[in-house]
Amino acid sequence: AQAGMLSADGVCYAFDRRANGMVPGEAVAVLVLRRLPDAERDGDRVYASVLGSGVNYDGRTNGITAPSGAAQARLLSEVYERARVPVESVGHVVTHGTGTRLGDPVEINALVEAFGSGSGRSGFCALTSTKPNIGHTQAASGLVSVIALVQAMRHGVIPPSINCDEPSDYVDWERSPFFVNREARPWSAEGGTRRGGVSAFGFSGTNAHVIVESYDAGGVSEEVSEPAYLLPVSAKSEGALGRALAELAGHLERVEGVSLASVSHALMSGRHHFAFRCALVVRDAADAVRLLREAAAGERPLMVRSG
């Protein structure tokens, strides 16, 4: 607070003229990273692909509250050049966006420098920050932003960056490739995919950026062609087992095109196995729903084994 880093009124105004400091927050963020061929082989649910990433360091500056725009711009240019990703193919960048009067314009103008020279276009890429919503989660903030970007890709919607009524006058927005996305908007998939970036900066002067692309299975079928699938379900009590069976049946009914191979894999290797158990051998989703309903009702057809 004595360094002037915290918002006096407890509100994060990322990109706004009212920006007066950050608001601390807390989060636990978990990402599972695997080589794409390995994930596809094992039937994992893939949310997005990492196309490129990089880190660098500011070097000497006037302090931790005075980031280096030159170092940030250099990192951005290097990451996109090394990954061979055209900047004009990026539709959304989740920024560090802490809501500080100096830091936000430095970050945006570094993005403008790195993107503007290669695109020749203005206003084609949306900027958002998660920090007005949940605060600055410190060491977790970069991963929080990655999760936010991947969720936007999954749902095809760029969320609004809140608390920005008057964009900062330290940025020439009219000539910028960027605009602050202040309302939810559909995110079209150019060429069948969506691309986005995430920036994060550490107190020590470390800069990081990652390029992410939505996952497209293409011609890869999620459903492995097998004559049958094993669905093991367990719980800590008989009543809980019945509810779990009914809930799984409801899930299979609601989700169109569900992969029974993935469901089977998750139930066998991604769940704890408790004392009350039921295993079903199913041919397809409809067969699974029928047998799950019967098992939940206490029936034990030929293809169901309980213990």
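Among the residues of segment 83-96, is there at least one that is crowded, with 23+ Cβ neighbours inside 10 Å and in contact with an Asp or Glu (Cβ under 9 Å, 6 or more places away or on another chain)? The answer is yes, given that some residue of segment 83-96 is crowded, with 23+ Cβ neighbours inside 10 Å and in contact with an Asp or Glu (Cβ under 9 Å, 6 or more places away or on another chain). Pick out the one residue from Leu248, Leu280 that is farther than 30 Å from Asp104 by Cα and modelled with pLDDT of 95 or more. When all the criteria are applied, what remains is Leu248. For segment 2-20, filtered to residues that are out of contact with any Gly (no Cβ under 6 Å at 6 or more places or on another chain), surrounded by 12 or more Cβ atoms within 10 Å (Cβ to Cβ) and not aromatic (Phe, Trp, Tyr), the residue that is farthest from Thr137 (Cα to Cα) is Arg17.
Every condition in (1) in contact with a His (Cβ under 9 Å, 6 or more places away or on another chain); (2) of a type in the set (A, V, I, L, M); (3) in the same structural domain as Glu174 (by TED's automatic domain parsing); (4) surrounded by 17 or more Cβ atoms within 10 Å (Cβ to Cβ) holds for Val23 except the one numbered (3). For segment 55-68, the set of residues classified as surrounded by 19 or more Cβ atoms within 10 Å (Cβ to Cβ) and modelled with pLDDT of 90 or more consists of Asp58, Ser68, listed by residue number.
The condition (being charged (D, E, K, R) and modelled with pLDDT under 95) is satisfied by just one residue among Glu26, Glu40: Glu40.
Going by what's in this entry, would Ser161 be described as within 12 Å of Thr95 (Cβ to Cβ) and in contact with a strand residue (DSSP E or B) (Cβ under 6 Å, 6 or more places away or on another chain)? Considered against the rule, which asks whether it is within 12 Å of Thr95 (Cβ to Cβ) and in contact with a strand residue (DSSP E or B) (Cβ under 6 Å, 6 or more places away or on another chain), Ser161 comes out as yes. Do we find a residue being assigned by TED's automatic domain parsing to the domain that holds Glu88 and modelled with pLDDT under 95 anywhere in segment 141-151? No, the conditions are met nowhere in segment 141-151.
The values are calculated or read from the model by the stated rules, or taken from the named source; none is laboratory data. Quantities reported herein were computed from a predicted structural model and do not represent experimental measurements. Glycine also receives a Cβ, built like all others from the backbone with ideal geometry; neighbour counts cover every protein chain displayed.
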